Amino acid sequence: MGHRMRFGIFLAPFHKPGINPTMALEQDLELISWLDRCGYDEAWCGEHHSAGSEISASPELFIAVASQRSRTIKLGTGVVSVSYHNPLWVAERIVQLDHLTRGRVMLGLGPGSLPSDGIMVGISQNDTRRLLEEGLGVIMKLLTTEEPVTFKNDRWDLREARLHLRPYSNPLFDIAVPAVASPTGPKLAGMHGIGLLSIGATTAAGFDALALHWDVMEEQARHYKTTVDRNKWRLVGLVHCAETMDQAYRDVEYGMAQWFDYFQAVAAFPQMAVPGNNVKEMISFVNDSGFGAIGTPDMVNAQIDRLWKQSNGGFGAYLMLAHNWANWDATRRSYELIARHVFPRWQGQMATQGSADRARASRPELAAIHSKAVEAATQKFQAEVAARHH
(Lines give C-alpha, C1' and ligand atoms only; values in the text may rest on other atoms or scores of the structure.)
Protein backbone atom coordinates (compact mmCIF):
# COMPACT_ATOMS: atom_id res chain seq x y z
CA MET A 1 0.00 0.00 0.00
CA GLY A 2 1.21 3.54 -0.70
CA HIS A 3 -0.06 5.09 2.56
CA ARG A 4 2.48 5.32 5.39
CA MET A 5 0.71 4.98 8.71
CA ARG A 6 2.42 6.52 11.71
CA PHE A 7 2.75 4.64 15.00
CA GLY A 8 3.11 5.95 18.52
CA ILE A 9 1.86 5.87 22.08
CA PHE A 10 -0.56 7.76 24.26
CA LEU A 11 1.17 7.98 27.64
CA ALA A 12 -1.19 9.08 30.44
CA PRO A 13 1.00 7.74 32.16
CA PHE A 14 -0.45 4.94 34.32
CA HIS A 15 1.45 3.72 37.37
CA LYS A 16 0.44 1.67 40.38
CA PRO A 17 -0.24 3.99 43.33
CA GLY A 18 2.40 3.77 46.04
CA ILE A 19 5.39 2.89 43.86
CA ASN A 20 8.42 5.17 43.69
CA PRO A 21 7.22 8.07 41.49
CA THR A 22 10.76 9.18 40.61
CA MET A 23 11.53 5.74 39.18
CA ALA A 24 8.16 5.61 37.42
CA LEU A 25 8.76 8.90 35.62
CA GLU A 26 12.29 7.84 34.75
CA GLN A 27 10.90 4.65 33.20
CA ASP A 28 8.48 6.73 31.12
CA LEU A 29 11.44 8.71 29.79
CA GLU A 30 13.33 5.49 29.05
CA LEU A 31 10.29 4.27 27.13
CA ILE A 32 10.38 7.36 24.91
CA SER A 33 14.06 6.72 24.19
CA TRP A 34 13.31 3.08 23.34
CA LEU A 35 10.47 4.02 21.00
CA ASP A 36 12.74 6.55 19.31
CA ARG A 37 15.33 3.82 18.69
CA CYS A 38 12.64 1.48 17.34
CA GLY A 39 11.43 4.07 14.81
CA TYR A 40 8.13 5.14 16.36
CA ASP A 41 6.77 8.40 15.01
CA GLU A 42 5.16 10.11 17.98
CA ALA A 43 4.35 10.01 21.70
CA TRP A 44 1.72 12.00 23.56
CA CYS A 45 1.93 12.65 27.32
CA GLY A 46 -1.01 13.67 29.49
CA GLU A 47 -1.89 16.09 32.28
CA HIS A 48 -3.48 14.88 35.51
CA HIS A 49 -3.49 16.14 39.07
CA SER A 50 -5.29 13.52 41.17
CA ALA A 51 -6.42 9.88 41.53
CA GLY A 52 -2.96 8.44 42.15
CA SER A 53 -2.08 6.68 38.88
CA GLU A 54 -1.54 9.26 36.11
CA ILE A 55 1.39 11.12 37.61
CA SER A 56 2.22 13.69 34.95
CA ALA A 57 1.13 17.16 36.06
CA SER A 58 2.77 18.93 33.11
CA PRO A 59 3.17 17.35 29.68
CA GLU A 60 5.30 20.33 28.67
CA LEU A 61 7.88 19.58 31.36
CA PHE A 62 7.94 15.92 30.39
CA ILE A 63 8.40 16.77 26.71
CA ALA A 64 11.25 19.16 27.49
CA VAL A 65 13.21 16.35 29.16
CA ALA A 66 12.18 13.63 26.70
CA SER A 67 13.26 15.75 23.76
CA GLN A 68 16.81 15.73 25.10
CA ARG A 69 16.83 11.93 25.26
CA SER A 70 15.52 11.27 21.75
CA ARG A 71 16.37 12.18 18.17
CA THR A 72 13.42 12.04 15.79
CA ILE A 73 10.22 11.03 17.61
CA LYS A 74 7.63 13.82 17.82
CA LEU A 75 6.30 14.67 21.27
CA GLY A 76 2.78 15.88 21.98
CA THR A 77 0.75 17.15 24.90
CA GLY A 78 -1.86 14.46 25.28
CA VAL A 79 -3.61 16.58 26.41
CA VAL A 80 -3.33 19.99 28.07
CA SER A 81 -6.56 20.55 30.01
CA VAL A 82 -7.47 23.96 28.61
CA SER A 83 -10.11 24.70 31.23
CA TYR A 84 -7.41 24.72 33.94
CA HIS A 85 -5.12 27.27 32.24
CA ASN A 86 -5.12 30.72 30.72
CA PRO A 87 -5.09 30.04 26.95
CA LEU A 88 -2.44 32.71 26.37
CA TRP A 89 0.00 30.83 28.59
CA VAL A 90 -0.86 27.52 26.91
CA ALA A 91 0.08 29.04 23.55
CA GLU A 92 3.23 30.67 24.95
CA ARG A 93 4.52 27.43 26.49
CA ILE A 94 3.98 25.33 23.37
CA VAL A 95 5.72 27.89 21.16
CA GLN A 96 8.73 27.88 23.47
CA LEU A 97 8.79 24.07 23.29
CA ASP A 98 8.51 24.28 19.51
CA HIS A 99 11.77 26.23 19.49
CA LEU A 100 13.50 24.06 22.09
CA THR A 101 12.64 20.83 20.21
CA ARG A 102 13.38 22.28 16.75
CA GLY A 103 9.84 21.55 15.60
CA ARG A 104 9.27 18.14 17.19
CA VAL A 105 6.39 19.25 19.37
CA MET A 106 2.64 18.66 18.91
CA LEU A 107 -0.22 20.31 20.80
CA GLY A 108 -3.13 18.26 22.09
CA LEU A 109 -5.90 20.20 23.84
CA GLY A 110 -8.77 18.76 25.87
CA PRO A 111 -11.40 19.75 28.41
CA GLY A 112 -9.96 17.93 31.46
CA SER A 113 -11.20 14.37 31.96
CA LEU A 114 -10.85 13.73 35.71
CA PRO A 115 -13.56 15.42 37.82
CA SER A 116 -11.24 15.09 40.83
CA ASP A 117 -8.81 17.45 39.05
CA GLY A 118 -11.28 20.18 38.17
CA ILE A 119 -13.02 20.28 41.51
CA MET A 120 -9.80 21.42 43.20
CA VAL A 121 -9.79 24.62 41.14
CA GLY A 122 -13.53 25.18 41.24
CA ILE A 123 -14.35 23.86 37.77
CA SER A 124 -17.35 21.62 37.18
CA GLN A 125 -17.43 18.99 34.44
CA ASN A 126 -20.47 20.87 33.18
CA ASP A 127 -18.18 23.76 32.16
CA THR A 128 -15.02 22.07 30.86
CA ARG A 129 -16.20 21.46 27.28
CA ARG A 130 -17.43 25.05 26.92
CA LEU A 131 -14.11 26.33 28.25
CA LEU A 132 -12.23 24.08 25.82
CA GLU A 133 -14.20 25.50 22.90
CA GLU A 134 -13.62 29.10 24.00
CA GLY A 135 -9.97 28.54 24.92
CA LEU A 136 -9.23 26.70 21.69
CA GLY A 137 -10.59 29.63 19.70
CA VAL A 138 -8.21 31.98 21.51
CA ILE A 139 -5.21 29.65 21.14
CA MET A 140 -5.78 29.12 17.42
CA LYS A 141 -6.04 32.85 16.78
CA LEU A 142 -2.82 33.49 18.73
CA LEU A 143 -0.92 30.77 16.86
CA THR A 144 -2.19 31.40 13.34
CA THR A 145 -2.42 35.20 13.19
CA GLU A 146 -0.51 38.16 14.58
CA GLU A 147 -3.69 39.99 15.51
CA PRO A 148 -4.07 40.94 19.18
CA VAL A 149 -6.73 38.94 21.02
CA THR A 150 -9.20 40.52 23.38
CA PHE A 151 -11.52 38.04 25.07
CA LYS A 152 -13.41 37.83 28.34
CA ASN A 153 -15.53 35.15 29.97
CA ASP A 154 -16.19 34.05 33.55
CA ARG A 155 -12.66 32.57 33.80
CA TRP A 156 -10.29 34.57 31.57
CA ASP A 157 -9.75 38.23 30.73
CA LEU A 158 -7.41 38.76 27.78
CA ARG A 159 -6.62 42.31 26.69
CA GLU A 160 -4.77 42.89 23.42
CA ALA A 161 -2.95 39.60 24.01
CA ARG A 162 -0.13 38.62 21.66
CA LEU A 163 2.47 35.86 21.55
CA HIS A 164 5.94 36.84 22.71
CA LEU A 165 7.52 34.48 20.10
CA ARG A 166 6.19 33.20 16.81
CA PRO A 167 6.23 29.40 16.31
CA TYR A 168 9.40 27.70 15.06
CA SER A 169 7.46 25.20 12.90
CA ASN A 170 6.46 26.28 9.42
CA PRO A 171 3.78 25.27 8.68
CA LEU A 172 2.42 25.18 12.22
CA PHE A 173 2.99 22.11 14.39
CA ASP A 174 0.17 19.55 14.60
CA ILE A 175 -2.74 20.49 16.85
CA ALA A 176 -5.37 17.95 17.88
CA VAL A 177 -8.34 17.51 20.20
CA PRO A 178 -9.53 14.24 21.76
CA ALA A 179 -12.74 12.32 21.15
CA VAL A 180 -14.28 9.36 22.95
CA ALA A 181 -17.85 8.76 21.77
CA SER A 182 -19.48 12.22 21.71
CA PRO A 183 -19.24 14.56 18.70
CA THR A 184 -17.58 17.37 20.73
CA GLY A 185 -14.04 16.59 19.57
CA PRO A 186 -14.87 16.05 15.88
CA LYS A 187 -16.94 19.25 15.92
CA LEU A 188 -14.00 21.35 17.18
CA ALA A 189 -11.52 19.59 14.88
CA GLY A 190 -13.65 20.41 11.87
CA MET A 191 -14.30 23.96 13.02
CA HIS A 192 -10.58 24.76 13.23
CA GLY A 193 -9.21 22.34 10.62
CA ILE A 194 -7.07 20.46 13.15
CA GLY A 195 -6.44 16.80 14.02
CA LEU A 196 -8.48 14.36 16.09
CA LEU A 197 -7.24 11.96 18.79
CA SER A 198 -9.89 9.21 18.97
CA ILE A 199 -8.96 7.95 22.43
CA GLY A 200 -12.01 5.72 22.74
CA ALA A 201 -11.91 4.54 19.13
CA THR A 202 -11.69 0.90 20.09
CA THR A 203 -14.42 0.89 22.75
CA ALA A 204 -17.78 -0.37 21.52
CA ALA A 205 -19.29 3.12 21.44
CA GLY A 206 -16.15 4.66 19.98
CA PHE A 207 -15.85 2.00 17.28
CA ASP A 208 -19.46 2.50 16.22
CA ALA A 209 -18.88 6.26 16.11
CA LEU A 210 -15.69 6.15 14.02
CA ALA A 211 -17.19 6.86 10.61
CA LEU A 212 -19.62 9.32 12.23
CA HIS A 213 -16.69 11.25 13.74
CA TRP A 214 -15.22 11.86 10.30
CA ASP A 215 -18.61 12.84 8.89
CA VAL A 216 -18.98 15.43 11.68
CA MET A 217 -15.51 16.79 10.97
CA GLU A 218 -16.21 17.17 7.25
CA GLU A 219 -19.57 18.83 7.85
CA GLN A 220 -18.05 21.32 10.29
CA ALA A 221 -15.14 21.99 7.93
CA ARG A 222 -17.56 22.82 5.11
CA HIS A 223 -19.54 25.12 7.40
CA TYR A 224 -16.49 27.00 8.72
CA LYS A 225 -14.58 26.88 5.42
CA THR A 226 -11.63 24.94 6.84
CA THR A 227 -10.05 21.70 5.65
CA VAL A 228 -9.59 18.43 7.52
CA ASP A 229 -6.99 15.78 6.75
CA ARG A 230 -7.36 12.06 7.49
CA ASN A 231 -3.60 11.94 7.95
CA LYS A 232 -4.08 14.00 11.14
CA TRP A 233 -6.63 11.54 12.52
CA ARG A 234 -5.12 9.33 15.25
CA LEU A 235 -6.80 6.25 16.73
CA VAL A 236 -5.83 4.91 20.15
CA GLY A 237 -6.01 1.21 21.05
CA LEU A 238 -4.91 -1.24 23.75
CA VAL A 239 -2.09 -3.58 22.77
CA HIS A 240 0.38 -6.00 24.30
CA CYS A 241 2.45 -8.30 22.10
CA ALA A 242 4.64 -11.32 22.69
CA GLU A 243 5.97 -14.16 20.52
CA THR A 244 2.97 -16.33 21.49
CA MET A 245 -0.49 -15.73 22.88
CA ASP A 246 0.36 -17.76 25.99
CA GLN A 247 3.38 -15.56 26.67
CA ALA A 248 1.33 -12.38 26.17
CA TYR A 249 -1.29 -13.66 28.62
CA ARG A 250 1.40 -14.42 31.22
CA ASP A 251 2.96 -10.99 30.68
CA VAL A 252 -0.18 -9.00 31.48
CA GLU A 253 -0.76 -10.80 34.78
CA TYR A 254 1.84 -8.35 36.09
CA GLY A 255 -0.36 -5.24 36.15
CA MET A 256 -3.58 -5.63 34.19
CA ALA A 257 -5.89 -6.02 37.21
CA GLN A 258 -4.62 -2.80 38.80
CA TRP A 259 -5.21 -0.88 35.55
CA PHE A 260 -8.78 -2.21 35.27
CA ASP A 261 -9.45 -1.39 38.92
CA TYR A 262 -8.42 2.21 38.27
CA PHE A 263 -11.16 2.65 35.67
CA GLN A 264 -13.68 0.48 37.50
CA ALA A 265 -13.40 2.01 40.96
CA VAL A 266 -11.09 5.06 41.12
CA ALA A 267 -11.28 7.39 38.09
CA ALA A 268 -14.70 8.99 37.64
CA PHE A 269 -14.44 8.59 33.87
CA PRO A 270 -17.42 6.44 32.78
CA GLN A 271 -16.54 6.60 29.08
CA MET A 272 -13.73 4.13 29.82
CA ALA A 273 -15.94 1.48 31.45
CA VAL A 274 -14.04 -1.83 31.41
CA PRO A 275 -15.65 -5.00 32.79
CA GLY A 276 -13.82 -8.00 34.23
CA ASN A 277 -13.34 -9.61 37.65
CA ASN A 278 -10.03 -11.37 36.97
CA VAL A 279 -7.20 -11.23 34.44
CA LYS A 280 -8.70 -13.99 32.28
CA GLU A 281 -11.99 -12.09 31.95
CA MET A 282 -10.11 -8.84 31.30
CA ILE A 283 -8.08 -10.40 28.48
CA SER A 284 -11.24 -11.82 26.96
CA PHE A 285 -12.92 -8.43 27.11
CA VAL A 286 -10.03 -6.67 25.37
CA ASN A 287 -9.69 -9.28 22.61
CA ASP A 288 -13.33 -10.24 22.08
CA SER A 289 -14.75 -6.70 22.13
CA GLY A 290 -12.17 -5.36 19.71
CA PHE A 291 -10.98 -2.94 22.42
CA GLY A 292 -7.46 -4.03 21.60
CA ALA A 293 -5.15 -6.98 21.01
CA ILE A 294 -3.34 -9.03 23.62
CA GLY A 295 -1.36 -11.68 21.79
CA THR A 296 0.79 -11.79 18.68
CA PRO A 297 1.69 -9.12 16.10
CA ASP A 298 -0.73 -10.78 13.67
CA MET A 299 -3.55 -9.95 16.08
CA VAL A 300 -2.46 -6.29 16.13
CA ASN A 301 -2.49 -6.22 12.32
CA ALA A 302 -6.00 -7.66 12.38
CA GLN A 303 -7.21 -5.01 14.82
CA ILE A 304 -5.76 -2.15 12.78
CA ASP A 305 -7.31 -3.63 9.64
CA ARG A 306 -10.70 -3.72 11.37
CA LEU A 307 -10.37 -0.08 12.45
CA TRP A 308 -9.22 0.96 8.99
CA LYS A 309 -12.35 -0.52 7.42
CA GLN A 310 -14.67 0.92 10.07
CA SER A 311 -13.19 4.40 9.59
CA ASN A 312 -14.52 4.32 6.01
CA GLY A 313 -11.47 5.88 4.39
CA GLY A 314 -8.52 5.40 6.71
CA PHE A 315 -6.59 7.39 9.28
CA GLY A 316 -3.06 8.69 9.74
CA ALA A 317 -1.73 7.15 12.94
CA TYR A 318 -2.31 4.26 15.33
CA LEU A 319 -1.38 5.05 18.92
CA MET A 320 -1.10 2.45 21.66
CA LEU A 321 -2.26 3.38 25.14
CA ALA A 322 0.78 2.93 27.39
CA HIS A 323 -0.61 0.96 30.32
CA ASN A 324 2.11 -0.93 32.29
CA TRP A 325 0.22 -4.21 32.12
CA ALA A 326 3.56 -6.03 31.76
CA ASN A 327 6.93 -5.67 33.45
CA TRP A 328 9.57 -3.42 31.91
CA ASP A 329 11.35 -6.08 29.86
CA ALA A 330 8.12 -7.47 28.42
CA THR A 331 6.87 -3.96 27.70
CA ARG A 332 9.99 -3.10 25.72
CA ARG A 333 9.74 -6.40 23.86
CA SER A 334 6.10 -5.72 22.95
CA TYR A 335 6.94 -2.39 21.32
CA GLU A 336 9.90 -3.95 19.53
CA LEU A 337 7.77 -6.78 18.10
CA ILE A 338 5.23 -4.28 16.82
CA ALA A 339 7.97 -2.25 15.14
CA ARG A 340 9.42 -5.38 13.52
CA HIS A 341 6.24 -7.11 12.41
CA VAL A 342 3.40 -4.56 12.27
CA PHE A 343 5.03 -1.39 10.94
CA PRO A 344 6.08 -2.87 7.56
CA ARG A 345 2.56 -3.83 6.54
CA TRP A 346 1.20 -0.34 7.15
CA GLN A 347 4.19 1.68 6.00
CA GLY A 348 4.70 0.29 2.51
CA GLN A 349 7.74 -1.73 3.56
CA MET A 350 6.66 -5.24 2.55
CA ALA A 351 8.84 -5.22 -0.58
CA THR A 352 11.26 -7.72 0.96
CA GLN A 353 8.41 -10.23 1.36
CA GLY A 354 7.42 -9.77 -2.26
CA SER A 355 11.02 -10.19 -3.32
CA ALA A 356 11.27 -13.41 -1.29
CA ASP A 357 8.01 -14.75 -2.76
CA ARG A 358 9.17 -14.08 -6.32
CA ALA A 359 12.51 -15.73 -5.64
CA ARG A 360 10.75 -18.76 -4.15
CA ALA A 361 8.48 -19.13 -7.19
CA SER A 362 11.36 -18.88 -9.67
CA ARG A 363 13.82 -20.95 -7.63
CA PRO A 364 13.36 -24.32 -9.46
CA GLU A 365 13.93 -22.76 -12.88
CA LEU A 366 16.77 -20.48 -11.79
CA ALA A 367 18.43 -23.22 -9.74
CA ALA A 368 18.43 -25.52 -12.79
CA ILE A 369 19.97 -22.80 -14.96
CA HIS A 370 22.55 -22.11 -12.24
CA SER A 371 23.44 -25.80 -11.95
CA LYS A 372 23.87 -26.08 -15.70
CA ALA A 373 26.09 -22.98 -15.71
CA VAL A 374 28.27 -24.43 -12.94
CA GLU A 375 28.44 -27.75 -14.78
CA ALA A 376 29.41 -26.03 -18.04
CA ALA A 377 32.09 -23.97 -16.31
CA THR A 378 33.48 -27.10 -14.67
CA GLN A 379 33.57 -28.97 -17.97
CA LYS A 380 35.28 -26.01 -19.67
CA PHE A 381 37.94 -25.87 -16.96
CA GLN A 382 38.54 -29.59 -17.14
CA ALA A 383 38.93 -29.35 -20.94
CA GLU A 384 41.46 -26.51 -20.55
CA VAL A 385 43.48 -28.51 -18.03
CA ALA A 386 43.43 -31.56 -20.29
CA ALA A 387 44.54 -29.49 -23.26
CA ARG A 388 47.56 -28.15 -21.32
CA HIS A 389 48.66 -31.64 -20.50
CA HIS A 390 48.78 -32.74 -24.14
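Listed values, structure above:
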quantity: Residue within segment 204-216 that is assigned to a loop (DSSP other than H, G, I, E, B) and either of a type outside the set (Gly, Ala, Ser) or within 27 Å of GLU133 (Cβ to Cβ) (or both) present; calculated: no
quantity: Residue satisfying all of: in segment 269-328; among the β-branched types (Val, Ile, Thr) and within 15 Å of the chain's Cα centre (by Cα); nearest to GLY195 (Cα to Cα) among these; calculated: ILE304
quantity: Qualifying position, being modelled with pLDDT of 95 or more, in the same structural domain as ALA268 (by TED's automatic domain parsing) and crowded, with 22+ Cβ neighbours inside 10 Å, among VAL79, VAL149, VAL121; calculated: VAL79
quantity: Test: residue in segment 290-298 that is of a type in the set (Phe, Trp, Tyr), surrounded by fewer than 17 Cβ atoms within 10 Å (Cβ to Cβ) and in a loop (DSSP other than H, G, I, E, B); calculated: no
quantity: Close pairs (6 angstrom Cβ cut-off, 6 or more residues apart or separate chains): among the small types (Gly, Ala, Ser) in segment 144-167, surrounded by fewer than 14 Cβ atoms within 10 Å (Cβ to Cβ) anywhere; calculated: none
quantity: Residues located in segment 44-91, provided they are touching a residue at least 60 places away in the same chain (Cβ under 8 Å) and outside any loop (DSSP other than H, G, I, E, B); calculated: TRP44, LYS74, GLY76, GLY78, VAL79, SER83, PRO87, LEU88, ALA91
quantity: Tabulated pairs, segment 275-299, first within 23 Å of ARG340 (Cα to Cα), second basic (Lys, Arg), C-beta under 8 angstrom, 6+ apart or interchain; calculated: GLY290/ARG306; PRO297/ARG340
quantity: Filtered residue count, segment 257-299, keeping only those that are within 27 Å of SER116 (Cα to Cα) and among the charged types (D, E, K, R); calculated: 1
quantity: Hits in segment 317-372 - residues which are of a type in the set (Ser, Thr, Tyr) and either touching a residue at least 40 places away in the same chain (Cβ under 8 Å) or not in a helix (DSSP H, G or I) (or both); calculated: TYR318, THR331, SER334, TYR335
quantity: Test: residue in segment 178-190 that is surrounded by 14 or more Cβ atoms within 10 Å (Cβ to Cβ), in a helix (DSSP H, G or I), in the same structural domain as ARG230 (by TED's automatic domain parsing) and free of Cβ contacts under 8 Å to residues at least 12 places away in the same chain; calculated: no
quantity: Complete set of residues in segment 132-146 that are among the small types (Gly, Ala, Ser) and surrounded by fewer than 17 Cβ atoms within 10 Å (Cβ to Cβ); calculated: GLY137
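The values are calculated or read from the model by the stated rules, or taken from the named source; none is laboratory data. These numbers come from a predicted model, not from an experiment. Counting neighbours? That spans all protein chains shown, and the Cβs are built from the backbone with ideal geometry, glycine included.
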